[in-house]
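Asker: A single structure is presented below for examination.
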Amino acid sequence: MERVLSEGIIYKISKYADNSAIASAYTYDYGKIKLFISKAFSSKGGVQTFIPGEIDFLKKDTSELNKFYTFRPDTLYMEYASTPAISLRLSLYFDIFDKFYELEQSDTVIWTILKKYKISDYSKINLFSIYALLTNTGHMFNFNACSNCGNKIIEQGALNNGLYFCKKCAPDNSFLTESYVNTILRAFSNQELYKNMKISKYDELSVLDLFVYHIENITGSFLKSYKLFKELILTI
Ligand SMILES: [Zn+2]
């Protein structure tokens, strides 16, 4: 057992009993962790979610549940929690994160990406963060060439059970994409293209539809937060 301090973000708090709660957090040093918070809902406002900061906790060796001491939000990122355009996207992102990461599975790239919401190109950062998550956990499908004939996919593509096909080879019941979705996907692996790309909220939703279809397909479970995300993101 050791008292440690790590940069991180708390993304979920579930009430436990009385005033206590169990929180889920992503930390730079330890990846995904669970925390027991004995006074989670104090009159002073409680523990803040969706703000990057420093988490002070007692790391247990014998239990998955670590003891929480304090969270110090980084003042540079205070607006994350009060900006729905950011907090809605982080909420969706961590819903996906929870499905793919085991406790203490390390990934320091996430920390770098989280800080990029400061730049305000929200749609682009959201898509890139989910793309990076799928790539870094080995779940991104190969969108560069058709899984059947090997041709480069320029126009419409079709996703089916984790495989991407050209329109000609698409099996029945595939998820069909528009050509601009392919352009956006290609930009993720091409710095110059990515830098110059403008992505609207509607483009973002088209690519997210594809990602969510893929995620639900490979995990076999429904991504509950996405329907609400779609409704809310268009109202802000
Ligand atoms: Zn083909």
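Where a number appears in this text, it was derived from the coordinates with a stated rule and is not lab data. Remember, it's a predicted structure, so these values are computed and weren't measured experimentally. We place every Cβ from the backbone using ideal geometry, glycine too, and count neighbours over all the protein chains shown.
Asker: What list of ³J(HN,Hα) values in whole Hz, one per residue of the stretch 190-202 in order, does the Karplus curve 6.51 cos²θ - 1.76 cosθ + 1.60 (θ = phi - 60°) give from phi, with Gly and Pro shown as x?
Answerer: 9, 3, 5, 4, 5, 4, 8, 7, 9, 10, 7, 4, 6
Asker: Here's another thing I want to ask about it. Can you work out the Karplus-derived ³J(HN,Hα) for every residue in the stretch 111-128? Use 6.51 cos²θ - 1.76 cosθ + 1.60 with θ = phi - 60°, whole Hz, and x for glycine or proline.
Answerer: Coupling constants for the stretch 111-128: 4, 4, 5, 4, 6, 6, 4, 4, 6, 6, 8, 4, 4, 5, 5, 4, 5, 5 Hz.
Asker: Follow-up. What is the distance, in nm, between label points placed 7 Å from the Cα along the Cα-to-Cβ direction at Asn136 and at Glu102?
Answerer: Distance between label points: 1.7 nm.
Asker: Quick one: work out the % antiparallel among DSSP beta bridges in the stretch 35-164, nearest 5.
Answerer: On the way: 9 of 11 bridges.
Here the antiparallel bridges make up roughly 80 percent for the stretch 35-164.
Asker: Excluding same-chain pairs closer than 8 in sequence, count the lysine pairs in the stretch 45-188 whose Cα atoms lie under 17 Å apart.
Answerer: On the way: Lys59/Lys67; Lys115/Lys124; Lys116/Lys124; Lys152/Lys167; Lys152/Lys168.
Lysine pair count for the stretch 45-188: 5.
Asker: Take the alpha carbon atoms of the stretch 94-146, find their center, do the same for the stretch 1-56, and report the distance between the two centers in whole angstrom.
Answerer: 21
Asker: Between Tyr194 and Gln156, what's the calculated FRET efficiency when r is the beta-carbon distance and R0 is 22 Å? Round to 0.05.
Answerer: The value I calculate is 0.50.
Asker: Which of Tyr30, Ile218, Pro84 sits farthest toward the positive end of the charge dipole of the chain, with +1 on the Cβ of Lys and Arg and -1 on the Cβ of Asp and Glu?
Answerer: Of the candidates, Pro84 comes out farthest on the positive side.
Asker: If you don't mind, there's one more thing I want to ask. Using +1 on the beta carbon of Lys and Arg, -1 on that of Asp and Glu, and nothing else charged, what's the dipole of the stretch 26-140 about the Cα centre, debye to 20?
Answerer: I would put it at about 260 debye.
Asker: Of Gly150, Leu127, Ser106, which is farthest on the positive side of the dipole of the stretch 1-156, counting Cα position, with +1 on Lys and Arg Cβ, -1 on Asp and Glu Cβ, and the Cα centre as origin?
Answerer: So the residue we want is Leu127.
Asker: Pull up the DSSP beta bridges for the chain and report the antiparallel fraction as a percent, rounded to 5.
Answerer: Taking every DSSP beta bridge within the chain, about 90 percent pair in antiparallel fashion.
Asker: Report Rg/Rh for the stretch 166-216, rounded to two decimals, where Rg is the Cα radius of gyration and Rh the Kirkwood radius. Mind showing how you got there, number by number?
Answerer: Values: Rg = 12.1 Å, Rh = 12.1 Å.
That ratio is 1.01, to two decimals.
Asker: Sorting Arg186, Arg89, Arg3 on the 10 Å Cβ count, fewest up front, what's the list?
Answerer: Fewest-to-most Cβ neighbours within 10 Å comes out as Arg3, Arg186, Arg89.
Asker: Between Lys115 and Asp172, how high is the FRET efficiency from 1/(1 + (r/R0)^6) when r is the Cβ-Cβ distance and R₀ = 35 Å? Nearest 0.05. Each step should come with its number before you reach the end.
Answerer: Details: r = 43 Å, r/R0 = 1.24.
So the FRET efficiency works out to roughly 0.20.
Asker: For the stretch 5-10, just list the computed ³J(HN,Hα) in residue order, Karplus coefficients 6.51, -1.76 and 1.60, θ = phi - 60°, integers in Hz, with x standing in for Gly and Pro.
Answerer: 10, 9, 5, x, 9, 8
Asker: So, one more: How compact and how long is the chain, expressed as Rg and Dmax of its alpha-carbon atoms in Å?
Answerer: So, for the chain, Rg and Dmax equal 19.4, 63 Å respectively.
Asker: Highest first, please rank the peptides 204-212, 148-156 by the mean number of other Cβ atoms sitting within 10 Å of their residues.
Answerer: 204-212, 148-156
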